[in-house]
Amino acid sequence: MSADREPALGRDAEALTLRLRPGGAVQSRMSLRQPDALDLEYTRLMMGFLLFEPEPVHIVQIGLGGGSLAKFCHRYLPRARVTVVEIDPRVIALRDEFRVPPDDARLTVVQGDGADYVKAHPQTADVLLLDGYDDNGLPARLRGREFFEDCRRCLRHRGVLVANLHRQAADYAPCLHDLMALFPSGLLEVADEDLANSIVYASAADLGARLRADAILRPDTLAKEAWRQLMPTFRMIAATMALR
């Protein structure tokens, strides 16, 4: 984020929003009625990793934003530990506004560079969520072959990388090309026609072989209220996988 620009909060009767600069795109949105819900479709798509890794032990998230993903994982995945790496202290300072829980044994928010973190922590993540946009798009340090190689090394053997890409950005095609080259047997892209976002799931292990035959049935490990939010998204991902 530019040093002379503060994050911009917007509030109405229904939601609190975060923009990384006044007039910029909405980065996060929190329902005031359901603050732990995933209010934006792309966040529900990112949680699609549960189809391939239903019981992660350690989730690493690059980019805090309004904390939607961190809150959801902390609440509904009680067996998982969540580490969030956010480079901008001004975004971290807004965590109370977005009702992100305080750090505890299962949630840690770290101020730091996501690229440095993945390089320094090989073989530690079951799931790596890449959602580290600034007000200019995806930072150069969070894309490119070297960075994605570090992401692959950060994952455990069956770990899953989930990358939020913007289909209209100039870096979209190069990022997708690098991910396809690094994860040739375990890559799935899901893009809702109504969204500018493209969500890419990547793993060294074959994703198709890990998709359960009963994928659209609620697993015992996932609460009913979480399942209600994610079920339509899970069905879309399973249908996309079936068309491959």
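Cβ-Cβ contacts under 7 Å between residues 6 or more apart (or on different chains), taken from a first residue in the range 5-18 that is free of Cβ contacts under 8 Å to residues at least 40 places away in the same chain and under 9 Å from L32 (Cα atoms) to a second residue that is open to solvent by less than 90 Å² (accessible area, probe 1.4 Å) and of a type in the set (D, E), are listed as A15/D39.
Just one residue in the set D126, D104, D116 is touching a Leu at 6+ places or on another chain (Cβ under 9 Å) and open to solvent by 10 Å² or more (accessible area, probe 1.4 Å); that residue is D126. Scanning the range 74-95 for residues that are outside any helix (DSSP H, G or I) and among the β-branched types (V, I, T) turns up V82, T83, V84, V85, I87.
Which pairs do you get when a residue that is more than 22 Å from R21 (Cβ to Cβ), found in the range 113-135, comes within reach of a residue that is surrounded by 24 or more Cβ atoms within 10 Å (Cβ to Cβ) and of a type in the set (S, T, N, Q), reach meaning Cβ atoms under 9 angstrom, with the pair 6+ apart or on two chains? Listed by first residue and then by second, the contacts come to V127/Q61; L128/Q61; L129/Q61.
Selection over the range 233-244 of residues that are without any contact (Cβ under 8 Å) to a residue 24 or more places away in the chain and either more than 22 Å from E55 (Cβ to Cβ) or among the β-branched types (V, I, T) (or both) gives a count of 3.
I'm trying to understand the selection: among the residues of the range 154-190, which are in a loop (DSSP other than H, G, I, E, B) and open to solvent by less than 40 Å² (accessible area, probe 1.4 Å)? Correct list: A169, D171, F183, G186.
The values are calculated or read from the model by the stated rules, or taken from the named source; none is laboratory data. Note that this is a predicted model, so its numbers are computed, not measured. Neighbour counts run over all protein chains shown; Cβ positions are idealised from the backbone, glycine included. SASA here: full protein model, heavy atoms, side chains in, ligands and nucleic acids out. Shrake-Rupley method; radii C 1.70, N 1.55, O 1.52, S 1.80 Å.
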